[in-house]
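Worksheet: one structure, shown below.
Rule-based calculations on the coordinates, nothing more; no lab input. The shown structure was predicted, so the numbers you read here are calculated from the model rather than taken from an experiment. A quick note on method: Cβ atoms are made from the backbone with ideal geometry, for glycine too, and the neighbour counts reach across all protein chains shown.
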Amino acid sequence: MKRIVILISGRGSNMEAIVRAQIPGAQVQAVISNRPDAKGLEIARSFGIAAVALDHKAYAGRDEFDAALAAEIDRFSPDLLVLAGYMRILSDGFVRHYAGRMLNIHPSLLPCFTGLHTHRRAIEAGVKVAGTTVHFVIPELDAGPIVIQAVVPVLPGDDEDSLAARVLKQEHRIYPQAVRWFVEDRLVIENGRVTVRDAQAGSEGWSVPPVED
């Protein structure tokens, strides 16, 4: 059984999507938020999951908070750490501690539109498609090996809210899929790229996940 800890900062809709997916061989041990008022903590409790608030404002700086956060996470001995709307930049030491076992989801087709305000920037750039990316976390922001992406059209008349809603629907689809592949030991990182082992192909067979509309 793979043990999972999920970090959130707000409602945690991707956290809820992962929990509701009931991934075989996985158990969400805890949901931790840096914001005590995060609505996702109550959602976690409604599923019987340990919900922990660790207020970053109570610490002197990023390194001190990240050390406390790592200590709290490690109480649950996770095989996988999932960032689901966790809105803090992580220190390099924290990222190295969970190297190869920490996933994040970003609301753009990386490497395009890293950072914040992705939907606004996509619309302003005039791109015809947008999307979302699940990737492993490395010290460089929004730059880790890509696991899976989903594409949505940018429609005439779209604003940030309408595009964000379309992208979020795909986030709820692909994040549980990425977690499932991790739990099934199907993800391999080689030369900065992720390959997904084909479960039907045996030890020699590998496949790349399709990008879907």
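Structure summary
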| quantity | calculated |
| --- | --- |
| Reachable lysines from residue 2, criterion Cα separation under 16 angstrom, eight or more residues apart if same chain | none |
| Distance between the stretch 28-68 and the stretch 162-196 - C-alpha centres, whole angstrom | 23 Å |
| Gain upon complete extension [residue 123, residue 70; 0.36 nm per residue less C-alpha separation] | 15.4 nm |
| Size of the stretch 1-98 as Cα extents on the principal axes (Å, biggest first) | 38, 27, 19 |
| Packing rank of 6-17, 29-40, where each peptide gets the mean count of other beta carbons within 10 Å, highest leading | 6-17, 29-40 |
| Whichever lysines have a C-alpha closer than 25 Å to that of residue 169, once near sequence neighbours (fewer than 8 apart) are set aside | 39, 128 |
| Protection proxy ranking, peptides 173-181, 156-164, 87-95, average beta carbon neighbours within 10 Å, highest first | 173-181, 87-95, 156-164 |
| Answer label for Cα Rg over 2.2 N^0.38 Å (calculated), chosen among [x] 1.29; [y] 1.01; [z] 1.23 | [y] |
